[in-house]
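Please treat every number below as a calculation from the coordinates, not as lab data. It should be emphasised that the depicted structure is a prediction, and the values quoted were computed from it without experimental measurement. Here Cβ is always computed from backbone atoms with ideal geometry, including for glycine, and neighbour counts include all displayed protein chains.
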Amino acid sequence: MSVLSVKNVKKSFGDLEVIKDISFSLEDGEVLAIIGPSGSGKSTLLRCINLLETVDGGQITICGDLLVSDPQPDEETKDEVASGSKRSKKGKAVKKPVYAPKDQLRKIRLNTGLVFQNYNLFPHFSVLRNITEAPIRVTGMEKEKAKETARKLLQKMGLSGKEDAYPCQLSGGQAQRVSIARAMALNPKILFFDEPTSALDPELTGEILKVIKELAAEKMTMVIVTHEMAFAREVADRVIFMDQGVIVDEGTPEALFTSDHPRTREFLGNYY
Ligand code: ADP
Ligand code: MG
């Protein structure tokens with residue numbers, strides 16, 4: 001079953017078209033790696049799926065629920081009447097994608113967890129509270145239950161005993177493992193990683209990659225944006241190569257890392 005479907009998604013910032021018609025889907029238990037040069041739109045794509053940005057067009061379905069879709073022709077007409085008909089220079093109606101209602105969006109968003117490059121922990125909260133905050137506030141989980149879940153996750157991340165530490169007392173690798181525990185605390189169906197090791201010293205990268213490999217072995221469904229090519233090759237079931245807002249090439253790691261596509265070869269050539 002597809003847990004994520006992205007169809008014809010587009011996103012611009014002003015005149016800059018960052019995502020130009022991207023489509024892909026993700027199966028339950030699959031690990032997808034996304035590689036590509038800096039500025040190719042990888043973070044923006046993850047942010048659109050995780051509702052940190054809105055799309056300008058296309059359709060995203062998460063676990064069978066429609067997050068956003070292009071308007072149906074009749075909705076378009078209604079919309080135009082309601083909004084006094086916005087039109088582009090060519091006189092064509094400007095179609096704005098339609099998002100699910102707010103309460104529905106909140107529910108859909110609970111299916112995804114996002115781990116950022118720079119951890120984004122709350123600096124003034126303890127490690128434990130960083131993890132319990134969302135379950136308590138967002139899903140109304142009982143405090144003790146949230147703490148118990150958080151402790152289990154910390155143990156899984158090899159961080160037992162760090163419950164009362166503050167983010168500034170942690171190494172980058174530890175902070176990133178806390179942020180993985182935090183993302184998992186809401187028990188998401190899909191975990192997204194945006195360059196989870198690129199802020200880390202090389203000797204700390206391994207501990208994060210190990211945690212992600214363990215999650216992959218447990219069949220956690222994941223999308224990982226990474227510059228760690230050897231890691232992508234080892235852990236991913238499928239790899240997408242993005243450049244300038246489009247998917248240039250995709251396939252199994254074997255296929256992609258031996259691809260004949262000139263742009264893929266050029267990009268990988270910079271790494272090998
Ligand atoms: P990547 O993650 O592949 O490096 P990004 O998605 O971060 O790429 O960025 C793609 C392009 O979009 C870049 O040119 C970046 O400067 C631009 N961009 C990203 N976010 C914004 C924003 N909020 N406002 C304006 N431009 C942005
Ligand atoms: Mg990025």
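Relative contact order, whole percent, for segment 87-221 stands at 32, derived from Cα pairs under 8 Å and 6 or more residues apart. Residues whose amide H falls under 5 Å from that of residue 27, counting only those 5 or more places apart or on a different chain, are 3, with hydrogens built in the peptide plane. Rounded, prolate or oblate: pick one for segment 143-211, where a ≥ b ≥ c are the square roots of the eigenvalues of its C-alpha gyration tensor, a/c under 1.5 means rounded, and failing that, prolate if a/b is larger than b/c, else oblate. Note, shape of segment 143-211 comes out oblate. Let a ≥ b ≥ c be the square roots of the eigenvalues of the Cα gyration tensor of segment 102-247; is it rounded (a/c under 1.5), or, if not, prolate (a/b larger than b/c) or oblate? The shape class here is oblate.
Taking GluC sites (Glu not before Pro) in DSSP loop conformation with at most 14 other Cβ atoms inside 10 Å as exposed sites, the chain has its longest uninterrupted site-free stretch at 1-141. With r defined as the distance between the Cβ atoms of residue 164 and residue 118 and R0 fixed at 30 Å, what FRET efficiency is calculated, to the nearest 0.05? Given R0 = 30 Å and the Cβ-Cβ separation, E is 0.85. Which residues make up the longest stretch of the chain that has no trypsin sites (Lys or Arg not before Pro) in a DSSP loop with at most 11 other Cβ atoms within 10 Å? So the longest stretch without any such site is 93-218.
Going by neighbour counts of Cβ atoms within 10 Å, the residues 157, 229 line up, fewest first, as 229, 157. Once a ≥ b ≥ c are taken as the square roots of the eigenvalues of the Cα gyration tensor of the chain, is the result rounded (a/c under 1.5), prolate (a/b larger than b/c) or oblate (a/b not larger than b/c)? Because a/c hits 1.5 or more and a/b fails to exceed b/c, the chain counts as oblate. With a cut-off of 14 Å between beta carbons, the residues surrounding residue 51 carry a summed charge of +3, where Lys and Arg count +1 and Asp and Glu -1.
The calculated FRET efficiency for the pair residue 16 and residue 263, based on their C-beta separation and a Förster distance of 22 Å, comes to about 0.60. Helix content alone sets the calculated 222 nm mean residue ellipticity of the chain: runs of n ≥ 4 DSSP H residues at -39500 (n - 2.57) each, divided across all residues, give -11000 deg cm²/dmol. Dividing the mean sequence gap of close Cα pairs (under 8 Å, 6+ apart) by how many residues the chain holds gives a relative contact order of 24 percent.
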